[in-house]
1. Quote to one decimal, in nm, the extra length available between E40 and A169 on full extension: 0.36 nm per residue of separation minus the C-alpha distance between them.
2. Which whole-number value in Å² is the accessible area per residue of the chain, probe 1.4 Å?
3. Run the simple label-point estimate for S99 and R115 please: 7 Å along Cα→C-beta, distance reported in nm.
4. I'd like the FRET efficiency for M1 and D225, computed as 1/(1 + (r/R0)^6) with the beta carbon distance as r and R0 of 35 Å, rounded to 0.05.
5. Heavy atoms only, probe 1.4 Å: what % of the accessible area of segment 19-171 goes to carbon and sulfur, would you let me know?
6. Could you tell me, in Å, what Rg and Dmax come out for the Cα atoms of segment 1-138?
7. Long-range amide H contacts for L61: which residues qualify at under 5 Å (H placed 1.01 Å from N, peptide plane, sequence gap of 5 or more or a different chain)?
8. Can you tell me the order of 179-186, 162-169, 54-61 when each peptide is scored by its average per-residue count of other Cβ atoms within 10 angstrom, highest first?
Amino acid sequence: MPVLLCDLDDTLFDHERATRDALDNLRGGYQVLTRWSLDELDSRHRVLLESIHIDVLNGRLSIEDARRERFGRLLAQAGVEDRAATEAIAGAYREAYASKWQPVPGAIEFLCAVRAAGYAIVIVTNNGVAEQQLKLVRCGFDGLVDAMVTSEEAGVSKPGRGIFAQALARVGSTSGEAVMLGDAWVADIEGARAIGVAPVWFNRAGRPSPDPTVAELASLAPAADAVAIVTRAGVRSA
């Protein structure tokens, strides 16, 4: 059976937009954060998020503890060492972030078109089960995907071969029948290629490609065009 393996965060779920909007909300309530522009705050937060999330994936920190650690370090960069402020800002961020969840533009229509083209759809994501399942439900993806494999349950993160192998096994497909769509070059593209899955790089920002031979998708809309690129990538690798 042909299958689309698909990343979730910043491929189907607009994590970047929700994060930026939540940080903008925080700047309205916590003056200490206005010492930076929204762009600089977003950049500093992103660096901390990516580095500390490794500890979440390795089981060393819970998502909640990682959030507190992240905002504690951010406040320290602003010259503030205040545990109560850290707790307050971390909690306010989570509330604002969750209220901003939405699909990447065109994601729902894209998934519907992929299914209509005869593909099974399996989400392959580096995160915890509960967090990612909640995103599927709130964004309306849960009825459109056949399965989801998270790094938490797989015991291995992308780009490890094991998480891709488990995803394929969920729908009884082989690597030669699969296409992987994701925005992270190392985790999604290199990870897929290592197990023989045809990759499609989701590149909304128009970044230079590390390998122009890899199929590229700048938008999920219009759905017919996006599905055509996915289909061609699978045929090219067959």
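1. Result: 42.2 nm gained on full extension.
2. Accessible surface, normalised per residue, equals 45 Å².
3. Placing both labels 7 Å along Cα→Cβ, they lie 3.1 nm apart.
4. Here the calculated transfer efficiency is 0.90.
5. Heavy-atom surface of segment 19-171 belonging to carbon and sulfur, 1.4 Å probe: 47 percent.
6. For segment 1-138, the Cα-based Rg and Dmax read 16.9, 56 Å.
7. V56
8. Answer by packing, highest mean first, reads 179-186, 162-169, 54-61.
The values are calculated or read from the model by the stated rules, or taken from the named source; none is laboratory data. From a predicted model like this one, the values you see are computed outputs, not experimental measurements. Positions of Cβ are backbone-derived with ideal geometry, glycine not excepted, and every protein chain shown enters the neighbour counts. Areas reflect the complete protein model, heavy atoms only, side chains present, ligands, DNA and RNA absent. Shrake-Rupley method; radii C 1.70, N 1.55, O 1.52, S 1.80 Å.
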